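Engineer: Here it is, the structure, as structure tokens.
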Amino acid sequence: MGTRHPESPSSRPFILFSTGATSYELIRYLGGRGPGELLVARRHYADSPGDLVLVKRLRDSGDALGRARLREEVKLLMRLSHPAIAQVFLVRVHDGAPHLVMEYVEGRSLETLVSLAALRRRPLSEAFALYVGAHVADALHHAHTLEDDTGRPLGIVHRDVSPRTLRVDTWGNVKLADFALAWAKLPGRADTEGHVVRGDLAYASPEALLRRPLDGRADLFSLGVVLLELLTGMHLLDLEEVERAALATAPPPECEHLQAESPSWLSAPLMAARMACLSPEHVAHATRALSAPLRTILGRLLRREPAERFQSAEELRDALRAVLGGLGYAYGPPEAEREVAQVRRDARARRRGADVLGPDEEPLQETPGPQARLAGP
């Protein structure tokens, strides 16, 4: 999908599109992401510069009915109202392609924080992971329990909880972004192709890799993979024991033709093969250096069978908050902001003052995978 954007800086703003008196000026092109492209834009109200927004340009659905369904879905997603959820403002079809306008969160992605922590050779603190996890779980509880005007549960599943879609803003607040890939129980909704996994393949739940029906427990598994990476610097499916077990077995037959919507560090069938080999013993070994309460939480989150996990985001949130509250000291946005700043300082110092990773205005850029990401100097 081609995107027109300025080849060189110009004094004239490049306007993506306008809606009434509001126009959207392209500030930065971030590249492809899943079924579309990401751009940072600035809203102008009657020629007065406003705030930055994130624009996701999706592939043309191909017909008027598909575009109408997309607009209806976005209207429902605009009902999401939670301090830890980046807001979806509107959808606009321009040049035949739907454009989603979403809140731009200034700050650091968890993907960048994991990379910085790897460079300093020390993961994020347990308090930071508990703080982030509790806020994300609370946001997911809000999304999972959302109802329409008639009181009917919408059954929203984010499907892309990953370090790329989780950010800590400049004030230390946690934000879950990009509900553009979310699934909901909507009449006449066009399903993803049966062999395609949406979202970041490396953080997909076992049921997503097996193309089985999803509910909110799939998002909880994905959050568990993120928390493990924050706390240990290791990715669940890059554990040596899991890789070794997968090499001795073939991918599940139903996954032979599995494809990922977004590129990842392993093919979808190989990722599914590793997931099929995952056991509670692998998780226990990976979390052996953590406190007992966190080991217990991750042990429940990272079970292959949904029935063996936490059964709701609310239950997980309460468990994380209980452990955080029992630490004996306060940990909130100011403490998170200070820890993020310290991680960056430590990483910069290790690289002798070099500008490690550059600016973090690329929240969702592709990375080569856990092993390459965790390779320190």
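Values quoted throughout were computed directly from the atomic coordinates according to the rules given, and no laboratory measurement underlies them. Please read these numbers as outputs of a predicted model, since none were measured by experiment. Heads up, the Cβs are rebuilt from the backbone with ideal geometry, glycines too, and the neighbour counts pull from every protein chain shown.
Engineer: Let's test this: bin the Cα-Cα distances of segment 190-246 at 10 Å from zero up to the farthest pair and state each bin's percent.
Structural biologist: Binned Cα distances yield the sequence 21, 48, 26, 4.
Engineer: Using a Förster distance of 30 Å, how high is the FRET efficiency between residue 351 and residue 234, based on the Cβ-Cβ distance and rounded to 0.05?
Structural biologist: 0.85
Engineer: Quick one: order 179, 128 by neighbouring beta-carbon count within 10 Å, fewest to most.
Structural biologist: Starting with the residue having the fewest Cβ neighbours, the order is 128, 179.
Engineer: Which length gain, in nm to one decimal place, applies between residue 170 and residue 148 when the Cα-Cα distance is subtracted from 0.36 nm times their residue separation?
Structural biologist: 4.6 nm
Engineer: How charged is the neighbourhood of residue 241? Take every other residue with its Cβ under 11 Å from the Cβ of residue 241, and add Lys/Arg as +1 and Asp/Glu as -1.
Structural biologist: Taking every Cβ under 11 Å from that of residue 241, the sum is -2.
Engineer: Can you tell me the dipole magnitude for segment 107-373 around its Cα centre, using point charges on the Cβ only (Lys, Arg +1; Asp, Glu -1), in Debye to the nearest 20?
Structural biologist: 880
Engineer: Taking 0.36 nm per residue of separation and subtracting the Cα-Cα distance, what length does fully extending residue 196 through residue 47 add?
Structural biologist: 49.4 nm is the gain from fully extending residue 196 to residue 47.
Engineer: If each of residue 81 and residue 248 carries a label point 7 Å out from its Cα toward its Cβ, how far apart are those two points in nm?
Structural biologist: In this crude label model, residue 81 to residue 248 measures out at 5.5 nm.
Engineer: Please give the residues of segment 112-133, grouped as numeric ranges, whose backbone N is less than 17 Å from a label point set 7 Å along the Cα-to-Cβ vector of residue 329.
Structural biologist: Answer for this model: 123-132.
Engineer: Turning to a different aspect of this structure: Considering only DSSP beta bridges where both residues belong to segment 107-373, give the percentage that are antiparallel (nearest 5).
Structural biologist: Of the beta bridges lying entirely in segment 107-373, close to 80 percent run antiparallel.
Engineer: Be a star and scan segment 24-54 for residues whose amide nitrogen sits under 16 Å from the point 7 Å along the Cα-to-Cβ vector of residue 17.
Structural biologist: 24-27, 36-44, 53-54
Engineer: Taking other Cβ within 10 Å of each residue's Cβ, how do 14, 89 sort, fewest first?
Structural biologist: Placing the least packed residue first, the sequence is 14, 89.
Engineer: Arrange 141, 135 by Cβ neighbour counts within 10 Å, fewest through most, would you?
Structural biologist: Going from least to most buried by this count: 141, 135.
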